[in-house]
Amino acid sequence: MEKEMTRIQLLSNDTIDKIAAGEVVERPASVVKELVENSIDGGATAITVEIKEGGISFIRVTDNGEGIAPDQVREAFLRHSTSKIREVDDLHRIYSLGFRGEALSSIAAVAQVEMMTKQKDQLLGIHYCIENGKEISHSQVGVPEGTTILVKNLFFHTPARKKFLKTAATEGGYIADLCEHLAMSKPEIAFRFIVNGQVKFHTSGNGDMKEIIYRIFGRDFVKELIWLEASKEGVSFTGYLGKPILNRSNRNFENCFVNGRYVKSSLLQKAIEEAYRPYLMQHKFPFVVLHFRFDPRLVDVNVHPTKMDIRITDSQKVVELIIREIGKALQQKELMPRMEQLDTIREARPLPEAAERSRVPEPFEQKRMEEYQVQESFFYGAPESGGREAEEKLPPEGLSSTPQPSLINEDKGEELQRQEYHRPEQLNLFEEKIIKQENRQRFQLLGQVFSTYWLVGYEDQLLFVDQHAAHEKVKFERLMREYKQGEIISQNLQPPMILHLTQKEEAALNEYQSYFQALGFVWEDFGSHSIAMRAMPVELYGKNEKDFFEEILDELVENGCKGTPEVIQEKITSMSCKAAVKGNQTMSNSEMQALMEQMLMLENPYHCPHGRPTMISMSKQELEKKFKRIV
């Protein structure tokens, strides 16, 4: 019996919608993302996200935006219906977060959806229900201005999709992470996130990014931020750089936003990491919150339905700009870790929430919101500079931002009136660099302890210097400068060192001979796949020169290189390490003094080439706290 030929036929609209929903609606967080982005594009200044059971059974997004016209509510749920673009050329000048016109139709295809919306000039709003892509009801109703969308029982008609979801707690965590990024992307919008009836976090919408960071990551992060602002040739970026002490073991704290959209761009991440490389140990990543503004014609966001990935035109110039500007910002600030920093920096954590636990959607509490914004502005104030001075308005450590009648000194049982409280003044060491030549007379070298560390006094600070890390950094800076200028000094070997090479090693040595020569290696052919090494870098003389040379050769044979190989910088780091004074090695006062003066000439004296700190500081105030002289 012959097999019947398979016929080509059009898919039903229901099938098409469910296929499209598979790309757009991956999990509850995808629903929240699409709905909140619609709220933002709709001009909302306050948005509340509420979920139950990780968003699987219940999601509600409420906003105070412009709403949807009564005669367009049905059209909003049709595929490829959007108010953001009209023709293909509009894709090259997109400022809105959404533009595909797939979100509502995709969500309605896999869940029970209910919408209430009203425009400002309308007496009544619209209550619309749709389920499995089919309209259930459409009626007029009295509702506040804005839009509320409820999504219930996600994937109730597609149980195969539902079984791939994780636990409610995990799915809720994805939504929490998303809401935090949305809040950081739009600091001018008040966000409120509610889980199972409890407020998890809220922001004031006063436009100050530092307040958002405070709400999400905590006070310890706010203390260690550097403001950055740069602009050139159609690209600008502003935001906060975390000082190197805020490093983490993954990239989750690299927050990049392009034209108001949170993105995960390997290009931007690599540029940021390259700028931080002199300050961090290997496999450590920085904390940043950066907002990039590109001419829309330079960015393609139409890469994937999630719009998380982007393509950037002339990416090399962008990378160079990021590396240069972040590098300048880090060099201009004092980056020496303080003793108290090492004790207090912890993993990110949300702050305790306010006692009030109202279930009423945030945008409808207009009076309360206005009062709240006044209060937040007082403590976090968003200055015109973008929030650089906001830290000074944070309440002193241990004090509530809510006015209190008095403070109690628990040790003495004395009541201290607030008007008598004075925040301790500290020498402003951590905004302006102190390790520089102009300050050499102000340092007092006190001595060496444990044959490894130096004690150095500077005004009201006590510095602890790691002699190996410090000497290693001095050596590294000098070797890198000499390498770039082709001036590394070589030491002749008598007699020459004979090395036998494999064919791969010989080919690699011939291909990269200019790099080896720039490092100070001098050799000549000795026949039979052998070379006679006649000179080595002077820094390596007597320090396993043969092993060092073979390490570089092995790396190049295995991985090759493009441009100037990273392995060269790594090996210069190794050269510096091998040549530097070691721990448990006694140094004379004159040797320490000479090395200290060399450190004062470095651009970045605070971290060794491996990213370890060369020194840490302890203030007089912190020392007096330890001895209970002050409380």
With the requirement that a residue be within 12 Å of Val73 (Cα to Cα) and either open to solvent by less than 60 Å² (accessible area, probe 1.4 Å) or small (Gly, Ala, Ser) (or both), what does segment 124-139 give you? Gly125, Ile126, His127, Tyr128, Cys129, Ile130, Ser137, Ser139
Identify, please: which residue in segment 65-77 is assigned to a loop (DSSP other than H, G, I, E, B) and either at pLDDT 95 or above or over 32 Å from the mean Cα position of the chain (by Cα) (or both) and is, among those, surrounded by the fewest Cβ atoms within 10 Å (Cβ to Cβ)? Ala69
Single residue of Ala176, Ala169, Ala190 found to be in contact with a Lys or Arg (Cβ under 9 Å, 6 or more places away or on another chain) and over 15 Å from Val289 (Cα atoms): Ala176
Considering each residue of segment 245-289, count those that are β-branched (Val, Ile, Thr) and within 23 Å of Ala470 (Cα to Cα), and give that number. 1
Residues within segment 436-445 that are part of a helix (DSSP H, G or I) and open to solvent by 50 Å² or more (accessible area, probe 1.4 Å), tallied: 5
State which residue is surrounded by the most Cβ atoms within 10 Å (Cβ to Cβ) when the search covers only segment 509-525 and only residues that are hydroxyl-bearing (Ser, Thr, Tyr) and assigned to a helix (DSSP H, G or I). Tyr515
If the Cβ limit is 7 Å and pairs must be 6+ apart or interchain, which residue in segment 446-474 that is at negative phi and part of a loop (DSSP other than H, G, I, E, B) pairs with which residue that is open to solvent by less than 10 Å² (accessible area, probe 1.4 Å) and modelled with pLDDT of 90 or more? Thr452/Gln467
Just name the residue that is surrounded by the most Cβ atoms within 10 Å (Cβ to Cβ) out of those in segment 263-276 that are over 13 Å from Val319 (Cβ atoms) and modelled with pLDDT under 90. Val263
Given the residues Ile149, Ile136, which is the only one that is under 16 Å from Glu34 (Cα atoms) and at pLDDT 90 or above? Ile149
Within the bounds of segment 71-80, is there any residue that is out of contact with any Leu (no Cβ under 8 Å at 6 or more places or on another chain) and aliphatic (A, V, I, L, M)? yes
For residues that are touching a residue at least 24 places away in the same chain (Cβ under 8 Å), of a type outside the set (A, V, I, L, M) and open to solvent by 60 Å² or more (accessible area, probe 1.4 Å), tally how many sit in segment 587-627. 8
Considering only residues that are among the hydroxyl-bearing types (Ser, Thr, Tyr) and open to solvent by 10 Å² or more (accessible area, probe 1.4 Å), look in segment 235-262 and name the one that is farthest from the chain's Cα centre (by Cα). Ser236
Identity of the residue in segment 483-498, out of contact with any Lys or Arg (no Cβ under 8 Å at 6 or more places or on another chain), part of a strand (DSSP E or B) and touching a residue at least 40 places away in the same chain (Cβ under 8 Å), that ends up most open to solvent (accessible area, probe 1.4 Å): Gln491
Counting only residues in segment 239-253 that are of a type outside the set (D, E, K, R) and assigned to a helix (DSSP H, G or I), the one modelled with the highest pLDDT is identified as Phe253
Residue under question is Ile56, and the condition is that it be modelled with pLDDT of 90 or more, out of contact with any strand residue (DSSP E or B) (no Cβ under 6 Å at 6 or more places or on another chain) and open to solvent by less than 90 Å² (accessible area, probe 1.4 Å); does it hold? yes
Glu145: of a type in the set (D, E, K, R) and within 19 Å of Ala103 (Cα to Cα), yes or no? no
List the residue pairs whose Cβ atoms are under 9 Å apart, where the first residue sits in segment 194-223 and is within 18 Å of Gly172 (Cα to Cα), the second is of a type in the set (Ser, Thr, Tyr), and the two are 6 or more positions apart or on different chains. Ile194/Thr48; Val199/Ser358; His202/Thr48; His202/Tyr372; Ile216/Thr203
Considering (1) assigned to a helix (DSSP H, G or I); (2) open to solvent by 10 Å² or more (accessible area, probe 1.4 Å); (3) modelled with pLDDT of 80 or more, say which one Asp343 fails and leave the rest. (3)
With the requirement that a residue be among the acidic types (Asp, Glu) and more than 18 Å from Tyr606 (Cβ to Cβ), what does segment 467-492 give you? Glu482, Glu487
Of (1) in contact with a helix residue (DSSP H, G or I) (Cβ under 6 Å, 6 or more places away or on another chain); (2) of a type outside the set (A, V, I, L, M, F, W, C); (3) at pLDDT 80 or above, Tyr515 satisfies all except one. Which? (3)
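The values are calculated or read from the model by the stated rules, or taken from the named source; none is laboratory data. None of the values given here were measured: they were computed from a predicted structure. Please note: Cβ atoms are built from the backbone with ideal geometry, for glycine as well, and neighbour counts cover all protein chains shown. To get the accessible areas, we keep the full protein, side chains included, count just its heavy atoms, and leave off ligands, DNA and RNA. Shrake-Rupley method; radii C 1.70, N 1.55, O 1.52, S 1.80 Å.
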